[in-house]
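Only one structure is covered here, and it is reproduced in the block below.
The values are calculated or read from the model by the stated rules, or taken from the named source; none is laboratory data. The model shown is predicted, which means the values in this text are computed figures rather than measured ones. Cβ sites come from the backbone with ideal geometry, for glycine too, and all protein chains shown count toward neighbours. Surface areas here come from the heavy atoms of the whole protein model, side chains and all, with no ligands, DNA or RNA. Shrake-Rupley method; radii C 1.70, N 1.55, O 1.52, S 1.80 Å.
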Amino acid sequence: MESLRDRWVLVTGASSGLGADFARNFAARGCKLVLVARREERLAQLAAELAKHHGTETRVVALDLTVDDAAEQVRDLLLAEGIDVHVLVNNAGAGAFGPFLASDWSRQRQTLALDVMALAHLTHCFAKDMATRGSGYVLQVASIGAFLPTPTYATYSAAKSFVLSFGEALARELAPQGVRVCTVCPGVTETEFFEAAGQPRSLFQRMSVMASPAVVKISIDALLRGKTSVVPGLLNKVSSLSMRLLPRQMQAVVAHALMVFGAKS
């Protein structure tokens, strides 16, 4: 696998969960980090942690990525500092749990703006520079929900289906230009996602949860090995494969049951 030492890595959603662990993993590999999220205080804390443990050079960009020109703002800021992003980790994402019609449209709009539009725009901005240079990596963070229509997460699972299809298409488009694209589809991961989404965890979610650092390691290893997609965890692999064998109308029924059966906080 290629050494990424002293390369710049941009991680979105870096203030907590998978994003923070992506930053820690890349820092341990000797990379320089651009940390992007809304919560500046948390980003500053993470930057201080990385500097203390790894001597990591970082840039903190506190920004709401759902703003229309956010991706261009980040790119212009980094270009002005002479920073060439070699690895883009599109980790920022949101989900809203519950019946679609019972939810506020503002939350659904935020999910689509962050999980689809911001991800695609950031990819367009930074992968274009990578293709011009003839090298680079893009890691798109989808979800195991990308494989299923999921009641109570209708918008989120549809958005992650976009991420998976988009990522796999770009992997083929950009390979001749030296840019590797990998899409990771994690299952249930121990992060703040459920609290933010407003969901009591179901029995399936409590039984299948993976630690965030383990998901991150599998994802980065897959990216550097040139895989176009990866599902971390044996149970998640089996689940994603077996569910796709069901008739389409049954997939939504089973997915719904997995989200709500035995739910508790």
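Screening Asp6 with (1) surrounded by fewer than 19 Cβ atoms within 10 Å (Cβ to Cβ); (2) within 15 Å of the chain's Cα centre (by Cα) gives one miss only, at (2). Checked across the stretch 44-53, the condition of being in a loop (DSSP other than H, G, I, E, B), surrounded by fewer than 23 Cβ atoms within 10 Å (Cβ to Cβ) and modelled with pLDDT of 95 or more holds for no residue. Kindly check whether there is at least one residue in the stretch 42-50 that is in contact (Cβ under 8 Å) with a residue 40 or more places away in the chain, touching a helix residue (DSSP H, G or I) at 6+ places or on another chain (Cβ under 9 Å) and basic (Lys, Arg). No; the residues of the stretch 42-50 include none that is in contact (Cβ under 8 Å) with a residue 40 or more places away in the chain, touching a helix residue (DSSP H, G or I) at 6+ places or on another chain (Cβ under 9 Å) and basic (Lys, Arg). In summary, Gly98 fulfils each of the numbered conditions (1) modelled with pLDDT under 95; (2) open to solvent by 20 Å² or more (accessible area, probe 1.4 Å); (3) assigned to a loop (DSSP other than H, G, I, E, B) with the single exception of condition (2). Taking residues in the stretch 155-179 that are on the phi < 0 side of the Ramachandran plot, and partners anywhere that are surrounded by 14 or more Cβ atoms within 10 Å (Cβ to Cβ) and among the charged types (D, E, K, R), the pairs with Cβ atoms closer than 6 Å and at least 6 places apart or on different chains are Ala159/Asp115. Looking at this structure, is Gly82 more than 22 Å from Leu46 (Cβ to Cβ) and either modelled with pLDDT under 95 or assigned to a loop (DSSP other than H, G, I, E, B) (or both)? The answer is yes for Gly82. Check the stretch 114-133 and report whether any residue there is on the phi > 0 side of the Ramachandran plot and either buried (at least 20 other Cβ atoms within 10 Å of the Cβ) or free of Cβ contacts under 8 Å to residues at least 24 places away in the same chain (or both). Checked the stretch 114-133: no residue is on the phi > 0 side of the Ramachandran plot and either buried (at least 20 other Cβ atoms within 10 Å of the Cβ) or free of Cβ contacts under 8 Å to residues at least 24 places away in the same chain (or both). Residue pairs whose Cβ atoms lie under 9 Å apart, sitting 6 or more positions apart in sequence or on different chains, and linking a residue in the stretch 220-238 that is over 12 Å from Thr183 (Cβ atoms) and surrounded by fewer than 19 Cβ atoms within 10 Å (Cβ to Cβ) to a partner that is among the charged types (D, E, K, R) and at pLDDT 95 or above, are Asp221/Lys227; Leu224/Arg180; Gly226/Arg180.
Within the stretch 54-95, the set of residues being exposed (fewer than 15 other Cβ atoms within 10 Å of the Cβ), of a type in the set (Gly, Ala, Ser) and under 15 Å from Val36 (Cβ atoms) is empty.
A residue that is over 16 Å from the mean Cα position of the chain (by Cα) and either among the small types (Gly, Ala, Ser) or closer than 22 Å to Leu234 by Cα (or both) can be found somewhere in the stretch 176-183.
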